[in-house]
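Here the structure comes first, spelled out in structure tokens, and everything after it is commentary.
The values are calculated or read from the model by the stated rules, or taken from the named source; none is laboratory data. Note that the structure is a prediction, hence the values are computed from the model and not measured. Cβ coordinates were reconstructed from backbone atoms using ideal geometry, including for glycine residues, and neighbour counts include every protein chain displayed.
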Amino acid sequence: MILRPPGAEQSSRMTIQEIAERLAIGEWAVYRMLREGQIPGIRVGKRWLVTRYAYQQWERTCGMASER
């Protein structure tokens with residue numbers, strides 16, 4: 001039996017449905033936000049990939065771009 005820390009079973013990617021639920025908006029709104037670059041994501045063919053790390057960073061800063 002392998003013991004893992006809490007949350008270790010989570011994927012490193014977020015689904016559109018997960019994002020929609022966290023933001024309390026519809027899935028089509030999430031797609032629109034991805035297309036407009038409001039949510040960090042990468043388009044691969046017809047699919048969107050959103051890493052959990054990038055999304056959590058975005059969520060922590062309320063979508064504000066960091067000044068570098």
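May I ask you to verify whether T61 is at pLDDT below 95 and β-branched (V, I, T)? For T61, the condition - at pLDDT below 95 and β-branched (V, I, T) - is met.
Here is a check on your reading of the model: is R43 among the basic types (K, R) and either in a helix (DSSP H, G or I) or at pLDDT below 90 (or both)? Against the criterion (among the basic types (K, R) and either in a helix (DSSP H, G or I) or at pLDDT below 90 (or both)), R43 does not qualify.
Cβ-Cβ contacts under 9 Å between residues 6 or more apart (or on different chains), taken from a first residue in the range 16-38 that is touching a residue at least 12 places away in the same chain (Cβ under 8 Å) and surrounded by 11 or more Cβ atoms within 10 Å (Cβ to Cβ) to a second residue that is in a helix (DSSP H, G or I) and among the acidic types (D, E), are listed as I16/E27; I19/E27; R22/E59.
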